[in-house]
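The values are calculated or read from the model by the stated rules, or taken from the named source; none is laboratory data. This is a predicted model, so every value here is computed, not measured. Here the Cβ is made from the backbone with ideal geometry for all residues, glycine too, and neighbour counts use every protein chain on show.
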């Protein structure tokens with residue numbers, strides 16, 4: 001298991017566009033998040049995640065590092081104020097944070113569930129707390145996730161964009177002796193009764209002997225971003241889904257990865273930003289500095305645009321997941337810039353949500369639909385652009 005720190009939310013990652021092929025993409029140079037993030041409270045900032053909508057940052061802060069120690073990792077929460085600024089982080093409270101390590105937090109789209117990892121005295125386990133009030137420190141006492149999730153030392157986790165997929169690492173793997181440090185990546189789906197499915201091992205070829213950390217699914221589950229050891233340090237990697245799972249892993253370019261410690265990515269559902277932890281020295285020196293949170297914005301180069309698969313007609317993909325509870329991702333593609341209306345109707349034809357109504361550029365787009373206020377049932381997403389109309393059936397199953 002990695003003994004240092006790392007991670008931070010909201011990964012600006014390569015989106016799959018067009019017909020499921022990766023768009024060539026690049027990132028702006030990563031910048032450190034401005035105060036109060038990284039400075040107030042003082043400490044090291046790592047193992048953090050961004051919410052699916054990019055508005056809530058769940059942070060691990062090690063305040064003991066100010067005194068040269070480790071072990072007082074706590075979960076803190078910050079909310080976006082403007083496009084580039086955040087509120088002062090709020091400690092999640094004693095129901096979440098015990099007197100040992102509490103890390104790798106992530107929050108659901110409705111802000112009602114908080115997942116995180118805590119040290120129990122003998123092992124790391126994934127916990128969940130439920131919102132009990134309006135403040136960021138109003139949470140129930142954490143409940144440890146039992147089998148089949150608990151299978152070894154679960155050191156990092158993220159609740160995915162759909163609020164129903166848990167992506168995590170564990171030292172247990174069925175094909176080897178359990179090794180402390182051999183962290184491999186799994187996914188598990190929440191069932192209708194609130195239990196979790198048997199975890200599925202993510203792409204064995206991506207889980208190297210040195211381990212993987214803080215995996216994140218983005219772009220409707222089509223892209224996997226994760227931290228991996230690249231001698232002599234950790235870097236941010238990514239992989240694209242194919243017909244049999246996930247394919248080859250790729251190391252992010254030099255705008256993200258330096259020769260210092262860069263790891264533990266997280267991203268919003270649209271993959272527009274990459275949040276990660278970096279230990280690049282603040283003084284320009286040659287030695288790893290303190291763990292700080294950085295962000296980069298995804299931009300497409302002119303070469304990327306010219307080589308991207310061309311969208312020939314308006315398409316509305318089947319939402320994922322489907323059935324869903326309570327959130328799902330709707331993906332559509334436009335052949336040209338146009339006014340777009342994307343609305344959701346119930347089975348009686350009554351409008352229940354307006355997801356998009358305005359001008360949008362040609363290309364592929366994703367929208368998050370939250371059905372938390374709606375009853376279970378069949379709904380229809382209706383996409384209008386110009387004179388074309390597309391419809392897909394959505395099934396909300398609570």
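Descriptive notes on the structure:
- Flag if residue 76 is surrounded by 24 or more Cβ atoms within 10 Å (Cβ to Cβ) and assigned by TED's automatic domain parsing to the domain that holds residue 275: yes
- 3 or more residues within 19 Å of residue 186 (Cα to Cα) and in contact with a strand residue (DSSP E or B) (Cβ under 6 Å, 6 or more places away or on another chain): qualifying strands (runs of 3 or more DSSP E) within the range 55-152: 102-107, 113-119, 124-130
- Restricting 342, 374, 355 to those that are more than 25 Å from residue 222 (Cβ to Cβ) and either in a loop (DSSP other than H, G, I, E, B) or modelled with pLDDT of 90 or more (or both) reduces the list to 374.
- Residue within the range 22-32 that is at pLDDT below 95, within 20 Å of residue 240 (Cα to Cα), assigned to a loop (DSSP other than H, G, I, E, B) and touching a strand residue (DSSP E or B) at 6+ places or on another chain (Cβ under 6 Å) present: yes
- Given (1) closer than 19 Å to residue 276 by Cα; (2) free of Cβ contacts under 8 Å to residues at least 24 places away in the same chain, index of the condition residue 85 fails: (2)
- Test for residue 7: is it at pLDDT 50 or above and crowded, with 24+ Cβ neighbours inside 10 Å: no
- Assessment of the range 238-253 against the conditions (surrounded by fewer than 18 Cβ atoms within 10 Å (Cβ to Cβ), in the same structural domain as residue 221 (by TED's automatic domain parsing) and modelled with pLDDT of 85 or more) yields no matching residue.
- Single residue of the range 284-301 satisfying the filter (at pLDDT below 80 and either part of a loop (DSSP other than H, G, I, E, B) or outside the structural domain of residue 43 (by TED's automatic domain parsing) (or both)) that is surrounded by the fewest Cβ atoms within 10 Å (Cβ to Cβ): 284
- Of all the residues in the range 377-398, those that are buried (at least 18 other Cβ atoms within 10 Å of the Cβ) and at pLDDT below 90 number 0.
- Verdict on residue 110 being in the same structural domain as residue 267 (by TED's automatic domain parsing), surrounded by fewer than 22 Cβ atoms within 10 Å (Cβ to Cβ) and touching a helix residue (DSSP H, G or I) at 6+ places or on another chain (Cβ under 7 Å): no
- Test: residue in the range 176-190 that is in contact with a strand residue (DSSP E or B) (Cβ under 8 Å, 6 or more places away or on another chain), assigned to a loop (DSSP other than H, G, I, E, B), within 24 Å of residue 76 (Cβ to Cβ) and assigned by TED's automatic domain parsing to the domain that holds residue 269: yes
- Filtered by the rule that a residue be at pLDDT 85 or above and within 25 Å of residue 53 (Cα to Cα), the range 203-229 gives 213, 214, 215, 216, 217, 218, 223, 224, 225, 226, 227.
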